[in-house]
Amino acid sequence: TVTLVNHQNGSDVITMQTQDLDGDGPNAPVVTVSGPISAASSYSGSIEWLNVMEDPAEDITEEIVEEADEHQVFFSTSGLNLDFVYGDFDSNGNPVGTQFVLAPNAAGSGTITITLVHEPAKPNDGLDTAGGEIDIQTTFSVTVE
């Protein structure tokens, strides 16, 4: 679950979520976005990973933060003009990405792809040079207005 909180008013919250209740089963994940992003504001972003197939749900985010030097989130867009600024870092000062700022530069429609990589090379120049293994990758259809 990605939560975006509008910096301008603090009350406008956008939620982007992917949920795959059958894991590697035949059903595709359900991907939702709760509403449009405002081009007039930036957003504080956070990501939470839960394994809801466990009872109670297991918070995987805790493991990612504890092993920050072994994880990195990458953000990419298609058809959108957005900036992402990392808000959390590992003990070596390299970005992690469970906390970030999203800043729209223009209105438009397109996609945001969020990729969690396990054991990337750090530092790196982005997903293409990070290596490691993709733990999860989700693409969200987004409108900025």
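Assorted remarks:
- In segment 45-58, the residues that are open to solvent by less than 50 Å² (accessible area, probe 1.4 Å) and either touching a Leu at 6+ places or on another chain (Cβ under 6 Å) or within 22 Å of P123 (Cβ to Cβ) (or both): G45, I47
- I64 being under 20 Å from Q17 (Cβ atoms), of a type outside the set (D, E) and without any contact (Cβ under 8 Å) to a residue 24 or more places away in the chain: no
- Enumeration of residues in segment 116-142 that are loosely packed, with under 15 Cβ neighbours inside 10 Å and out of contact with any strand residue (DSSP E or B) (no Cβ under 7 Å at 6 or more places or on another chain): A121, P123, D125, D128, T129, G131
- Among the candidates S42, S34, residue that is among the polar types (S, T, N, Q), more than 27 Å from F89 (Cα to Cα) and either open to solvent by less than 50 Å² (accessible area, probe 1.4 Å) or modelled with pLDDT of 95 or more (or both): S34
- Just one of the listed residues (F140, F89) is touching a helix residue (DSSP H, G or I) at 6+ places or on another chain (Cβ under 8 Å) and modelled with pLDDT of 95 or more, namely F89.
- When residues of segment 79-115 are limited to those that are open to solvent by less than 20 Å² (accessible area, probe 1.4 Å) and not in a strand (DSSP E or B), the one nearest to V13 (Cα to Cα): T98
- Flag for S76 being under 15 Å from G45 (Cβ atoms) and either in contact with a helix residue (DSSP H, G or I) (Cβ under 7 Å, 6 or more places away or on another chain) or surrounded by 15 or more Cβ atoms within 10 Å (Cβ to Cβ) (or both): yes
The values are calculated or read from the model by the stated rules, or taken from the named source; none is laboratory data. Computed from a prediction, not measured in an experiment: that's the story for all the values here. Methodologically, a virtual Cβ is constructed for each residue, glycine included, from the backbone with ideal geometry; neighbour enumeration extends over all protein chains shown. Just so you know, the surface numbers come from the protein's heavy atoms only, side chains and all, with ligands and any DNA or RNA stripped out. Shrake-Rupley method; radii C 1.70, N 1.55, O 1.52, S 1.80 Å.
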